[in-house]
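Novice: Handing you this structure, nothing more for now.
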């Protein structure tokens, strides 16, 4: 049997995650053997603190039980430590002398806790805090009324202190640095945290050096001695002063190590047969201890072990969002702690908001009009927003007020405006689309071992539909997963599970290599799945059409049913039909025709839509071509990622207040932009005066007439995320307005990721990055011309699918069910009749 | 009657990575064709909320329901984890370029 052998040293979260990723993409490539020093399957180390605090059990935090290894044919040696790598003979040697040969070796040896080398550090009763065994020893030693000292006031130390306190012990925390969590917090934030923790019964010895641990008469530890000779009595001492990458095995095997095992962007060590992931690794000079970077490394290592050879790890921007014993803390970036930063303080600027009595503190550090650091204690609901500003490095000039107040109070619909996960009760419905409560989410995170927002979406459906509760779900995830949670950096997030490339990388490949079909993109970018998936295929189809409108052909099989049928599917499988009524301006003849069609096809419901047009609901799929023929109107694209409507007020032609002809401009825009394909739906509005009856302030593009011309606003949204549009430009004429709008929308087509609304796109890239392109007359004209070009090749999809033209349509069969028993059906409602056969079945 | 094999249509009339709905005595059945020209038949009803699977996007041996995205395996009719549920399978085969169905 020549199946190559993969040996994994380290049975922790990074090693197992790599195996899971590998099994997903190349399940049968290797014969796999795993060695773990601890006598268990893989467990969720992050959850040891809740175990210590008695909030959960060891059983509940197992991620991969022994059955998982058996099911995947993995040979597990739990409790057997690897002591040597023989690279010449390609074997690893275990502590019992046994050997295992490898073709590829994965090192995931993790980290070791640092024990202060003070006298007495090896006494019974002195523990580190890293493993199940450590946790169990602490639980065994804990008893109400006994005294514990935790050395180290970082996150791990504070969690240990909280856990022991929860078990009734008297707990003191000894910390050498001048304030708690000195690497994540500034002095003021730490002081606030310390006060909050003191009110929960913890005691602190800050800025004090431990000199020795003294034994009592029974030989166990009895006290901690400071360097000034004073003592603190303790029956239990926990050392939580930090961890260091475990490089011992790699070093002994002759692999290049610095602080960690040095790897390149493919997670390969200096020996090409050996890869390494996790806390033991040093990549581009950095070591990581948070879950998200480790998982990203795991994905890259699996990609190379699986012989795909395409993924790159580029390092991670880490932030810390955590719950220290029930107190929300967030920190990210650089907030002026080291000497170098202190020198740069001239150029720095700070916004500090503090409510010390209320336990809320926020400091934002700005440099060169950019956010470079943020610290928050007590209230961290806005942290995702700050983190995004920080990562994207976008200009925050002119946003000072907003920065101080926090994220603009846009009401995300569907969860009663709640923004703080911690304060929400278990029964609260977080996801209003899928009816998912906080309790369900928390249970799934704990029981299924979920770590990412995508995991939670897949398992619970929370935030999987409209996505407005994503922020809230992420907060819940952070509070349950705790200290090691770091959200995935959206800038490096792959387009979907079929690839490691981002949206931007795929679009660049399409442009640079003239890829003109979905299949060509998947081949060129080495897609992992033959057919792609429902996430990537529609995105690729749009990107290809956007880049090569003339050269490419639309792929109906890469479109959601609505865009393939050109009608909106309803819950019962019927469709709704919304013809184009530009600007909402109709006529008696048109209304009469619509009424006749509604009667002829027994349309069950007729409704005026929110976009000033008419919706015929409950039309059967096979009736669509005839309905369209009888209507004699163009498609309103009410089903598509397309221009939906241009809402108008009556304007100067009728209204006694109107100063501009908003109806004429609205109708002209709707006709000009008809059939435009966009990353997500686009809605416009034009008002004839600043009373703004067309509600232009919450549209993707809103235009407001003033006496001297038109004001254009962009990026508004009245749906999922109520977002007020931002002012873009003022122009003098309707022609200029049309050019600006076309240029803006073309830029949106070219820059936004598929399914990103204008509001979300602008939040990501910043209006400041968009405006110069639109202000420049040449660039603006070029953008508008590209949009005109793209629109010129689009035909009305309804005209293309009338009964007489249907046979030539690319998806004619979708409108023609096959009838096996053409005799009279028993169920006249749901069953076919002979009319359906003539709907254009290809000959 | 439903014990018999019935001719449905030539394979060419089902689009690759697509489906056709077949109305017969057994109700609405979706007949799918994969990229590699395998055919499968399932009740045209998603176990989640009854969506018409024939209108979903087909990829590999799976279809994603058009209503809420539940993914169903074409060969077993079972939902792909973490989704749950199962829809009824029907036997289907290709003979000399024609698709034949045996419902039930």
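Novice: What does a probe at residue A:600 reach in segment A:621-637, counting residues whose amide N is under 18 Å from the point 7 Å along Cα→Cβ?
Specialist: So the set is A:621-636.
Novice: Which order do A:138, A:13 fall in if you start with the one that has the fewest other Cβ atoms within 10 Å?
Specialist: Ranked by crowding around the Cβ, least crowded first: A:138, A:13.
Novice: Stretch residue A:367-residue A:591 to full length: gain in nm at 0.36 nm per residue minus the Cα-Cα span?
Specialist: Length difference between fully extended and current span is 74.7 nm.
Novice: What whole-number value in cubic angstrom gives the convex hull volume per residue for the C-alpha atoms of segment A:643-792?
Specialist: In segment A:643-792, the Cα convex hull volume per residue is 93 Å³.
Novice: Shifting gears a bit: How many angstrom lie between the C-alpha centres of segment A:255-316 and segment A:346-368?
Specialist: If you average the Cα positions of each part, the centres end up 36 Å apart.
Novice: Enter the mean number of other protein chain beta carbons within 10 Å of the beta carbon of each residue in A:427-438, as an integer.
Specialist: For peptide A:427-438, the averaged partner shielding equals 0.
Novice: Largest first and in whole Å, what are the equivalent-ellipsoid semi-axes of the protein assembly as shown based on the Cα gyration tensor, each being the root of 5 times an eigenvalue?
Specialist: The three semi-axes for the protein assembly as shown are 55, 37, 25 Å.
Novice: Another question, if that's okay. What order do you get for A:731, B:63, A:686, A:704 when you list them from fewest to most C-beta neighbours inside 10 Å?
Specialist: With the sparsest Cβ surroundings first, the list reads A:731, A:704, B:63, A:686.
Novice: Does segment A:39-104 classify as rounded, prolate or oblate by the C-alpha gyration tensor (a ≥ b ≥ c root eigenvalues; a/c under 1.5 gives rounded; else a/b over b/c gives prolate, otherwise oblate)?
Specialist: Prolate, since a/c reaches 1.5 and a/b exceeds b/c.
Novice: Over segment B:6-102, how many percent of alpha carbon pairs lie in each 10 Å bin up to the one with the longest distance?
Specialist: In order of increasing distance, the bins hold 19, 55, 24, 3 percent.
Novice: With N residues in segment A:501-548, what two-decimal value do you get for its Cα radius of gyration over 2.2 N^0.38 Å?
Specialist: Ratio of Rg to 2.2 N^0.38 Å for segment A:501-548: 0.97.
Novice: Using a cut-off of under 19 Å, list every residue of segment A:268-283 whose amide N is near the label point 7 Å from the Cα of residue A:307 along the Cα-to-beta-carbon line.
Specialist: Only A:268, A:272-275 pass the distance filter.
Novice: Pull out the extension gain between residue A:200 and residue A:608, defined as 0.36 nm times the separation in residues minus the alpha carbon to alpha carbon distance; nm, one decimal.
Specialist: Computed gain between residue A:200 and residue A:608 is 141.1 nm.
Novice: Same structure, new question: At a temperature of 37 °C and a viscosity of 0.692 mPa s, determine how fast segment A:108-239 diffuses translationally according to Stokes-Einstein, using the Kirkwood radius over alpha-carbon pairs as Rh; express D in µm²/s, rounded to the nearest whole number.
Specialist: Answer, rounded: 220 µm²/s.
Novice: Given an 8 Å cut-off on Cα distances and at least 6 residues of separation, report the relative contact order of segment A:39-181 as a percent.
Specialist: Relative CO of segment A:39-181 lands at 21 percent.
Novice: If you don't mind, there's one more thing I want to ask. Would you tell me the mean number of C-beta atoms belonging to other protein chains that fall within 10 Å of each C-beta in B:63-71, as a whole number?
Specialist: The mean count of partner-chain Cβ atoms within 10 Å per residue comes to 4.
Novice: Would you give the gap between the C-alpha center of segment A:163-200 and the C-alpha center of segment A:648-688, rounded to a whole Å?
Specialist: 59
Novice: Here's another thing I want to ask about it. Hey, fewest Cβ within 10 Å first, where do A:18, A:805 land in order?
Specialist: Ranking A:18, A:805 by Cβ neighbours within 10 Å, fewest first, gives A:805, A:18.
Novice: For segment B:39-91, just say rounded, prolate or oblate: build the C-alpha gyration tensor, square-root its eigenvalues into a ≥ b ≥ c, call rounded for a/c under 1.5, and beyond that prolate if a/b exceeds b/c, oblate if not.
Specialist: rounded
Novice: Write down the percent of antiparallel bridges among all DSSP beta bridges whose residues are both part of the protein assembly as shown, to the nearest 5.
Specialist: 70
Novice: With just the Cα atoms defining each centre, how far is segment A:525-593 from segment A:5-54? Give it in Å.
Specialist: Measuring centre to centre over Cα atoms gives 43 Å.
Novice: How long is the gain from residue A:736 to residue A:55 if the chain were fully straight, where each residue apart is worth 0.36 nm and the alpha carbon distance is subtracted?
Specialist: Additional length available on full extension: 238.8 nm.
Novice: Normalising by the residue count of segment A:126-241, find the relative contact order in percent from Cα pairs under 8 Å and 6+ residues apart.
Specialist: 33
Novice: Something else about it: Only Cα pairs under 8 Å and at least 6 apart count here; give the relative contact order of chain A as a rounded whole percent.
Specialist: Across chain A, relative contact order equals 7 percent.
No lab work stands behind these numbers, since they all come straight from the coordinates. Fair warning: this is a prediction, and the values are worked out from it, not measured in the lab. Glycine gets a Cβ as well: all are built from the backbone with ideal geometry, and neighbour counts include every protein chain shown.
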